[in-house]
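**Q** Take a look at the following structure, please.
The values are calculated or read from the model by the stated rules, or taken from the named source; none is laboratory data. Predicted model, so just to flag it, every value in this text is computed and none were measured. Positions of Cβ are generated from backbone atoms using ideal geometry, with glycine treated the same way; all protein chains shown enter the neighbour counts. Protein only, heavy atoms only, side chains kept; ligands, DNA and RNA dropped before computing areas. Shrake-Rupley method; radii C 1.70, N 1.55, O 1.52, S 1.80 Å.
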Amino acid sequence: MIYADVIIDISHEKLDRSFQYKVPERLQGEIRVGMVVTVPFGNRNSMRKGYVVGLSSTPSFPPERIKEIGDLRSSEDTTEARLISLAAWLKEQYGSTMIQALKTVLPIQETVRAKEKRRICLNIEETEGWRSLEELENTRYKARARLLRSVLESPDKSVDYTDAVKNMGASPSVLKYFTEQGILSIKSSEIYRNAVSPEMESEKERFSLTPLQKNAVEEIREEWRREKPRPVLLRGVTGSGKTQVYMELIEEVVSKGKQAIVLIPEIALTYQTVRRFYGRFGNQVSVLNSRLSQGERYDQFKRAKRGECKIMVGPRSALFTPFPNLGLIIIDEEHEPTYKSENTPRYHARETAVHRAETEGAYVVMGSATPSLEAYSRAEKGEYFLVNLNARYEARPLPEVSIVDLREELKAGNRSILSRSLSEEISACLEKGEQAMLFLNRRGYAGFVSCRSCGHVMKCPHCDVSLSEHNNGRLICHYCGYETQKPEICPVCSSPYIGGFKAGTQQIEQIIHKNFPNARVLRMDYDTTRSKGSYEQILKAFSEHEADILIGTQMIVKGHDFPSVTLVGVIAADMSLNASDYRCAERTFQLLTQAVGRSGRGVRRGKAIIQTYHPEHYSIQAASCQDYEAFYQEEMSYRILLDYPPASHMLAILGACEEEERLLKGMYYIGQFVKKAYHGDGLHMIGPASAPVGKVKDVYKQVLYLKHEDYHTLVNIKDKIEKYMEINSGFRKIYIQFDFA
């Protein structure tokens, strides 16, 4: 006898476990992990949909108590079955419960009604309809006559139901009369909620490929002809036209009846990306992101599953689009950290995309001007196929870059956020009628509020972070949302010298308005993009030259293409250089290279000014001349020296608990368990120690780092820790996450 472990419903946490069922003899040759089944569930044995997550020959209960599977779902669920198998892989690779993995890959079916369009249609011969109308017009039933005349006079012999009710007096009694007589009928048809805004649909264009782009496309096609094609890493300088290469490859895949997923790192990129893809592929393109309503998301998944759209564009979650015949996954700006999930399972879209492509016979193409060290090192080892685009589209020159030492600015008496040279270039840019972008890697009105006398910093009482000052005089915690009024005096020493480190986007906007009163300014950051459609409104306004200067955080320097932008100013280049993260130099190089690359993408050569307190740092120097190879070699030497990825593999074990003492004890025991089990096995352990933010919403956090040259050894450690925690009840109140790097 074969037994199947089945998860019943992923929308209820109380059912966060599998239930065992007997597999009837008629299904034993067909059933496998990942299939969708119907099973009896509950006291009334009502049939419910379930997912097979395991098979065994050993019953967990007395066999007479185990119910039998009803049936397999029809073949239309094969797409869902593949995604369930992907969920099982996520659970195994990244550490989570099966329910968490299923919730990641399958949209929870909330109660979303299909949108319907209803029409009132003529149900008899037209000549007979006119006779009926003649009879009605000689009676007192004017509403009936009015409705029937409207139907008969319409070209398709039907009228819109809503219009008939509102404007023709089609009351329930009128409709009942016609339907009972068989004269008219009400027909419903499902219509999709459109996730693509109308202005995106207007642009129709097709670029011709340059010789470099054609060569890149042919290199990729050659790789695809291999028996086992490798994932492709397309490294192209900013403005080299990687998107046009993507579209050429997608067209080839779609022409063969397959579908493509295009991953982008930010919702902010959706507007321009979808606009360009829609110009090439029309309504074959759809979009998925968190700003869509439940109804819109429901419709896009349904369209994808039915194969009615061919190309899905969206951030990380779009990777799980239920396409029945997936042919290609594109990962644009592959280096972006947003491709790493912060929720359990903490998967990376890059590895997950490669695995999904392998199991479904699809290709993977990753593109970036600044590939992650992990991806580039794999390309060097031959695991990925590297293709280069070393020149901008139509041989346009890279921008002229200047590095400004802010220490020298201070010595010269300039205490402004804007250096003298940046101010001069903004003036020149405005005089020429060109556009500028100013980038700052933070949000809000100020970084933190502190006392100049005693050094006290205003912190959130619930989280171990400083509060940020906003324009309305409120102090806000950006972790839990706590708010309070800014104090007039220091709560510790009563000094009146308390103020903020004012380097937020709002502050820069105010300075620009003061220094350049005639400039039209737009700001794009977290605070200005909260509402649905706000990204599109800001980007559309800037692209149509309704503003001269765009000020923003990271979202403005990733992948946007504005031909009229000839100046980019990086306000404080090294803000990300001092983060508590071993990747801070890599992040800084990538951000600066992307920022510089927004300038001069049209016919006029651009300029970029990088303001920094560390002008000599190798990441800033390499970014100024867009020298990826120089940065890669320098950074890898440090990673090898310190045993950090990609020179080694690393597993972070993240613990969280409301009881600090319990958490400290639990993390200590995990560390001791690992030491005993893997002593002298080439494993390096750091911690446990407090996480970078040690407390959030009154929950304490600790982290333990494990390094090893073999990734599978770390996966094995993760598996053993999970079993160790299962048999120790003290861990039931401690929430553990596993994060692989």
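**Q** Give the longest segment of the chain that steers clear of GluC sites (Glu not before Pro) in DSSP loops with at most 11 neighbouring Cβ atoms within 10 Å, not counting the sites themselves.
**A** Answer - 343-487.
**Q** Next up: Which whole-number percent gives the relative contact order of the range 245-316, counting Cα pairs below 8 Å spaced six or more residues apart?
**A** Numbers: 79 pairs, mean separation 31.8, N = 72.
Answer for the range 245-316 is 44 percent.
**Q** Taking Cα pairs under 8 Å and at least six residues apart, what relative contact order does the range 502-553 come out at, in percent? Each step should come with its number before you reach the end.
**A** Numbers: 47 pairs, mean separation 23.7, N = 52.
After rounding, I find 46 percent.
**Q** Among Gly70, Gly95, Gly54, whose Cα lies farthest out toward the positive end of the dipole of the range 51-96, if unit charges sit on the beta carbon of Lys, Arg (+1) and Asp, Glu (-1)?
**A** Of the options given, the answer is Gly95.
**Q** What percent does the relative contact order of the chain come to when contacts are Cα pairs within less than 8 Å and at least six residues apart?
**A** Details: 1369 pairs, mean separation 77.1, N = 741.
Value for the chain: 10 percent.
**Q** Which of the aspartates and glutamates could be linked to Lys22 by a straight reach, that is with a Cα gap under 13 Å, when you skip same-chain ones fewer than 8 residues away?
**A** Of all the aspartates and glutamates, those that pass the test against Lys22 - Cα under 13 Å, at least 8 places apart if same chain - are Asp5, Glu64, Glu68, Asp71.
**Q** Of (i) 57; (ii) 39; (iii) 26, which one was derived for percent of Cα pairs over 43 Å apart from the structure shown?
**A** For percent of Cα pairs over 43 Å apart, the calculated option is (ii).
**Q** Could you look at the range 495-536 and say what percent of its accessible area is carbon and sulfur, using a 1.4 Å probe and all protein chains? Could you put the intermediate results ahead of the total?
**A** Details: 1090 of 2120 Å².
The nonpolar share, carbon plus sulfur, comes to 51 percent.
**Q** Would you check the range 494-630 for Lys pairs whose C-alpha atoms are within less than 19 Å, ignoring same-chain pairs closer than 8 in sequence, and give me the count? Don't skip to the end; give the middle numbers.
**A** Numbers: Lys502/Lys514; Lys532/Lys540; Lys540/Lys558; Lys558/Lys607.
Final tally of qualifying lysine pairs is 4.
**Q** Still on this structure, please answer the following. Using a 1.4 Å probe and ignoring any ligands, DNA or RNA, find the accessible area of Lys302 and quote it in Å² to the nearest 10.
**A** Number for this one is 40 Å².
**Q** For Arg26 and Ala677, calculate 0.36 nm times their separation in residues minus their Cα-Cα distance, and state this gained length in nm to one decimal.
**A** Numbers: separation 651, 0.36 × 651 = 234.36 nm, distance 4.53 nm.
Full extension from Arg26 to Ala677 adds 229.8 nm.
**Q** Right, here's the next one. Can you work out the accessible area per residue across the chain, with the rest of the protein chains kept in place, probe 1.4 Å, in square angstrom?
**A** 46
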